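Peer 1: Sharing a structure with you now.
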Amino acid sequence: MSHESYPDDLIRSILRRVRRIAMVGASDNPARPSFLVFKYLSERGYEVIPVNPGRLGQSLLGRPFVAALKDIAGPLDMVEIFRNAEAAAETVAEALALTPLPRVIWMQLGVRNDNAAAQAEAKGVTVIMDRCPKIEYGRLSGEISWQGVNSRVLSARKPALAAKGFQKLTLDRRY
C-alpha cells in the first residue's frame, strides 16, 4: 500500500469497524496530544487502553495503564503509536507477536516507519502512518467543519445541538 495518502473511504471504514484501541505512549498529562486523543476517542465510544510502562499503577480517565501490549487481555482492533519513528519498530514487533493480530496499526502524526509497516502488511495488518485518528474522525464526521475548519465535508444541514456541552457528530451522519 502507498502511504503517501489514504482514501477517505479507507480511513472511514477503519474508524467505523475498530472498537478496542491500545494507545502506546499514552500520557495522563492534559497538555499532551496523546491525552487529548485518548479523551476524544473515549468520548466517541471507543474502548481505549493506555499503554505506558512509566505510568503503571496509575490510570487515565478511569482506565488503568498497562506496561505492554502483551499485558492486555483479549483481542485488539487497533494499536495506535504515540512514540517516535524509531520506537515504532519495536511497538509494531510487539503488536505482531499478539494472538490474534490487531486489524490496524496506526502511527500518529510525524511517525513513519516504512520497514515496520511492510512487516505488518506482510502479515495482513492494515497500516496508517503520519495521521491522527482524532483529526480524521473530526474531518470525516464534519465536526471540524462545524468548528470553522474546512473538512471537505459539505452539508446544508445544521446539526441539532446537544442539550449540553460540545456538539459531537458521528461518522454515520447522512448529508
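None of the figures in this text is laboratory data; all of them are computed from the coordinates on show. Only a predicted model underlies this, so the values are computations on that prediction, with no experimental measurement involved. Cβ placement follows ideal geometry from the backbone for every residue including glycine, while neighbour counts extend to all protein chains displayed.
Peer 1: What are the aspartates and glutamates whose alpha-carbon lies under 15 Å from the alpha-carbon of Lys123, with same-chain residues fewer than 8 places away excluded?
Peer 2: Hits, sequence-local ones excluded: Asp77, Glu94, Asp114.
Peer 1: Right, next: At q = 0.13, 0.14, 0.20, 0.22 Å⁻¹, work out log10 I(q)/I(0) for the range 8-134 with the Debye formula, treating every Cα as an identical point scatterer and leaving solvent out; two decimals please.
Peer 2: For the range 8-134, the Cα-only Debye profile gives -0.45, -0.53, -1.16, -1.44.
Peer 1: Order these by the 10 Å Cβ neighbour count, fewest first: Glu143, Glu136.
Peer 2: In order of increasing Cβ crowding within 10 Å: Glu136, Glu143.
Peer 1: Name the residues of the range 23-44 whose amide N is less than 16 Å from a point 7 angstrom out from the Cα of Asn84 along the C-beta direction?
Peer 2: 25
Peer 1: Considering only the range 1-71, what is the antiparallel percent among its DSSP beta bridges, to the nearest 5?
Peer 2: Antiparallel bridges make up about 25 percent of those DSSP assigns within the range 1-71.
Peer 1: Further question on the same structure: Treat each spin label as a single point 7 Å out from the Cα along the C-beta direction, and report the Leu109 to Asp130 distance in nm.
Peer 2: 1.4
Peer 1: Moving on. Taking the Cα centre of the range 8-134 as the origin and placing charges on Cβ (Lys, Arg +1; Asp, Glu -1), which of Ala118, Leu15, Val66 is farthest toward the positive end of the dipole?
Peer 2: So the residue we want is Leu15.
Peer 1: Any idea how far the Cα center of the range 1-31 sits from the one of the range 88-127, in Å?
Peer 2: Result: 12 Å between the Cα centres.
Peer 1: Still on this structure: Fully extended, how many nm does the chain gain between Glu121 and Arg63 (0.36 nm per residue separation, minus their Cα-Cα distance)?
Peer 2: 17.9 nm
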